[in-house]
Amino acid sequence: MLGPAAFTCGLLCGSFLNVCIYRLPKKASVISPPSHCPACGRRLRVAELVPVVSYLWQRGRCRSCGVAISLRYLLVEILTGFVFTALDWRFGWPAILWHAPFFATLIVIFFIDLDCQVIPNRLVLLLAALMPVRLLAGEVLFLQAAAGMLLGGGLFYMLAVLSRGGMGGGDVKLVTALGLWYGWKLLLPVIFLAFFCGGAVGLVLMALKVKKRKDAIPFGPYLVLAAFFVSMWGEQLVNWYLRISGLI
Ligand SMILES: [Zn+2]
């Protein structure tokens with residue numbers, strides 16, 4: 001267990017994830033130009049790149065033009081800190097080395113899909129590229145992963161065709177990558193939880209009249225939430241399900 005080190009790494013990583021969330025949909029490089037204020041364009045000093053502290057110190061405003069900086073920057077940093085801490089608690093060293101980048105990528109996907117209803121291909125490719133490490137570490141078997149990929153990709157491809165674009169191509173690719181990562185056995189609860197949670201939120205939004213029935217609601221964020229839940233508690237969930245359904 002890395003404890004506070006995992007949390008600190010998460011904060012620092014979250015700061016970079018903010019840049020990715022902001023720039024990737026615009027097809028801009030995440031490395032250059034260096035971080036700057038989106039309003040006045042002034043380059044940020046090193047002290048202003050310190051996660052959380054700099055935000056609080058500047059009371060959420062740019063130091064030169066005074067424009068308000070979205071509270072979400074702070075939230076993404078803290079969220080990443082907590083996610084890394086949780087993964088450290090669940091998987092420990094050295095498995096955190098591949099679980100942390102996997103979820104860092106999913107956090108970026110979560111926010112980009114929420115904002116722009118797209119899932120950039122290169123992020124999905126990054127998820128798939130991390131997969132062989134999990135295979136080598138013996139966390140998932142090759143046949144299970146291959147079956148997960150085919151199951152997820154096939155099922156969501158069908159849904160995309162049947163729903164005539166209600167389920168987008170980005171979702172199909174994301175589920176395919178998740179299938180590869182989790183294998184078919186744990187992909188099933190990921191899909192189930194994502195639909196359950198998406199349905200529940202959809203009903204609430206419709207009841208509050210925020211969304212109409214036909215409005216497109218991005219599905220990627222639910223897949224990300226479900227994936228996190230399954231990574232943390234998937235085995236308990238499956239065992240619980242098998243027990244209450246009398247299968248074991
Ligand atoms: Zn500014």
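The values are calculated or read from the model by the stated rules, or taken from the named source; none is laboratory data. Predicted model, so just to flag it, every value in this text is computed and none were measured. Note: ideal-geometry Cβ built from the backbone for every residue, glycine included; neighbour counts use all protein chains shown.
Below is a table of values for the structure above.
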{"read-out": "Search result, residues across the stretch 39-98 that are farther than 25 Å from SER231 by Cβ, in contact with a Ser or Thr (Cβ under 6 Å, 6 or more places away or on another chain) and not hydrophobic (A, V, I, L, M, F, W, C)", "value": "ARG42, GLU48"}
{"read-out": "Failed item, numbered, when PRO218 is tested on (1) within 20 Å of the chain's Cα centre (by Cα); (2) assigned to a helix (DSSP H, G or I)", "value": "(2)"}
{"read-out": "Number of the exception - ARG164 against (1) out of contact with any helix residue (DSSP H, G or I) (no Cβ under 8 Å at 6 or more places or on another chain); (2) closer than 24 Å to LEU136 by Cβ; (3) among the charged types (D, E, K, R)", "value": "(2)"}
{"read-out": "Restricting the stretch 39-54 to residues that are part of a loop (DSSP other than H, G, I, E, B) and closer than 16 Å to PHE16 by Cβ, the residue that is nearest to the ligand (Cβ to nearest atom)", "value": "LEU44"}
{"read-out": "Top-ranked residue in the stretch 73-95 [being closer than 24 Å to SER32 by Cα and not aromatic (Phe, Trp, Tyr); ranked as nearest to the ligand (Cβ to nearest atom)]", "value": "LEU74"}
{"read-out": "Test for SER70: is it more than 8 Å from the ligand (Cβ to nearest atom) and either aromatic (Phe, Trp, Tyr) or surrounded by 12 or more Cβ atoms within 10 Å (Cβ to Cβ) (or both)", "value": "yes"}
{"read-out": "Exclusive hit being crowded, with 20+ Cβ neighbours inside 10 Å and touching a residue at least 40 places away in the same chain (Cβ under 8 Å), set LEU79, LEU87", "value": "LEU87"}
{"read-out": "Single residue of the stretch 15-38 satisfying the filter (among the aliphatic types (A, V, I, L, M) and surrounded by 12 or more Cβ atoms within 10 Å (Cβ to Cβ)) that is nearest to the ligand (Cβ to nearest atom)", "value": "VAL19"}
{"read-out": "Flag if THR8 is surrounded by fewer than 19 Cβ atoms within 10 Å (Cβ to Cβ) and either part of a helix (DSSP H, G or I) or not assigned by TED's automatic domain parsing to the domain that holds LEU130 (or both)", "value": "yes"}
{"read-out": "Any hit, the stretch 84-105, residues being under 15 Å from PRO25 (Cβ atoms) and of a type in the set (D, E, K, R)", "value": "no"}
